[in-house]
Structure formats: structure tokens, C-alpha cells
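Enquirer: Got a structure here, written out as C-alpha cells. Questions coming.
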Amino acid sequence: MRLALTGSVGLFTTTLALCFGASLPSVKTPAPASAHHSYRLTLGPFVVSPGASVGLIVRARINGGPLLRLLLDSGTQYVALDRKTAMKSGCTGGPDLEVVGAGAPSAELVKAASASTVEIADLTLRNVPILITAHRLADGIDGALPLSLFAGFLIRLDVPARTLDLLPYPLGQADATGAVRAVSSNELLFLKGVFNDRYEGYFLLDTGAAYTTISQKLNRQLDRFGMLSRSSVSVQGGTTAMDAPLFADSARLRVGSRELATGPVLAVDLSTASRYHNLEVSGLIGYPALRDSVLMVNYRDGLVRIDPK
């Protein structure tokens, strides 16, 4: 069976979204125990070199197994584990699924499985779909955990404080003040943004991406004006190594009324993502652009608010 994978967790790279073109069991998110019930989860930093944090870590147990370090990733559709971690957590492979990654020269097989439980502090999720990869996703993590796993709650992610608050949804219409309405596709959220005050497009909200990125199509538009460096960096996107052009000039990304400090920006091939989502994907809003922000994410109503800390 062929599925469309627009990316995966990777070290020193964009963490592109796991986007599949065939059906897996839907993710079961728990409803709050009462109208006043909420959870606060403490997160850890994903550090790849001294002083360089490129993401947030959730500590979780799957099927009562060992405590895992999972990258919190709003750009991933399903929990993803490497084979060794999956075995330790009692997840055995089901059917083979063929996935195609952004920039990958060929498809890769993964296994589809299901976890009876995913435990995070005092929160337990049940019957959660799992994808098992043949290779380790990145040093320092055991896998990825999608932010959408908590879609049954109103989410407040304080990136600098490394806290994730799961709140009951308000009754009736949500407060959209200061929020951007997202385009939702397969539990991924695309926000309209403007790059360098000139190029408008849809950017994937991707807390698991080590870099903010732009598409190769946008890259070519910039290159016509000599705005892109001829240098490139070697990066690892999931299990695929690639060379990505590096945007040299000052990069700015505005989402709603908020201008985000993007950090270094890479250009990657997002054509597969655009075809699969039937949406021109102009880039990814990676962790560096969000590191000083507090996010309110409302999957129910498709609203995202990005506030400065």
C-alpha cells in the first residue's frame, strides 16, 4: 500500500509532517473528566548541542513500558517510534505501509500498530495508532508525539516555560480574539503567513521542526532576486539525508499580527505535501520561530493564537 509521507522527525533539519494517504484508526483523545478538569504537563528541552534547544520533549510510557523521550510535534499526524523502542513498549508491527518522504529518492516501509495506552503524567490515552520505523528518528529521542493527540482539549503551549496545559473547551463559540484561522488537513494545521513582507502562503505549524523552512517553489521566486545564498547545509530529514539551500538574508515571517523571529531558514521540497493536502504549502513554522511564544491551539474550531511571552 502506498502512502504519502511529507516528512518525518529528523535531527538538524526540518521535521516535516507525517501525512498519510490511507486510513489508519482514528486517534482517541480523552474528554475532560468534568467541565473544570484540566492537566498540566511539564516538558523538557530537546538539546542537540550545548545551549541549542531545537524542540520540546514529552516523557511518556506506552503500554506500561519504559519511560520514553518523545518529541512534541504539531507537524506529525501519528505517534512514531523506531523499531527497538516499539518492541520495548510492546508494540508489534501490523501491516506494511509504504511511505514517501520529502526529498527522499525512494519509498520506505513502516509498520502500522496500535498502543493500548499512552501515559503522560496522570493523563492516559487509549487505543492510539503507532507507526514503527526501521531506523532511529534522531539521537536523543525515542520517537515523536503529535500535538493533535490532545485535540480533545484546548491547548496552551508555553514554549519558554516548557509547559503544556490541556484545558476543557469553552461551551459555545470560542473566543477568536487575536487568533488566526487555520486550514486543517489530516490533523495538521496550516496558517496563512507572509514571508519577508512580500510572499503570502500557507505554512505548517510544526513545533517539531528544528528549522523554519520555505518551499523550493518559494525559494526559486526569491532566487530570481538574488535573495538566497548559494550555500547549502547537509541535513537529516527523518531517515533521508539531503542538502538544503540556506536563506542568507534577514528572514521575516508574519502570521496574523505577529512577526516571528525565524532563525536560519532552509529550503526543502514540499511538492508532495502540496499535492497530498491539495494546498500550496509555502513552508513550515519551525521551533526557532516559536521558541519565545505562547501558543493557544484550538483543534475543534481551527484557531491558533501565537502570543509573545
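Enquirer: Go through 84-97, 136-149, 264-277, 207-220 and give me the packing order, highest mean Cβ count within 10 Å leading. Don't skip to the answer; put the middle values down first.
Expert: Numbers: 84-97: 17.0, 136-149: 23.6, 264-277: 22.0, 207-220: 25.4.
Result, highest mean first: 207-220, 136-149, 264-277, 84-97.
Enquirer: Through the Karplus equation 6.51 cos²θ - 1.76 cosθ + 1.60, θ set to phi - 60°, convert the phi angles of region 53-64 into ³J(HN,Hα) values in whole Hz; use x for Gly and Pro.
Expert: 9, 10, x, 10, 10, 9, 9, 9, 10, 10, 6, x
Enquirer: Now a separate question. With only Lys, Arg, Asp and Glu charged, each at its Cβ (+1 for the first two, -1 for the last two), find how big the charge dipole of region 135-192 is about the Cα centre; round to the nearest 20 debye.
Expert: Working: 5 positive and 6 negative charges, 35 e Å.
The calculated dipole for region 135-192 is roughly 180 debye.
Enquirer: Could you state the principal axis extents of the C-alpha atoms in region 269-309, from the largest down, to the nearest angstrom?
Expert: That gives 35, 26, 10 Å along the principal axes, largest extent first.
Here, each number is a calculation from the coordinates, and none is a lab measurement. The structure presented is a predicted model; accordingly, all values stated were derived computationally and were not measured. We place every Cβ from the backbone using ideal geometry, glycine too, and count neighbours over all the protein chains shown.
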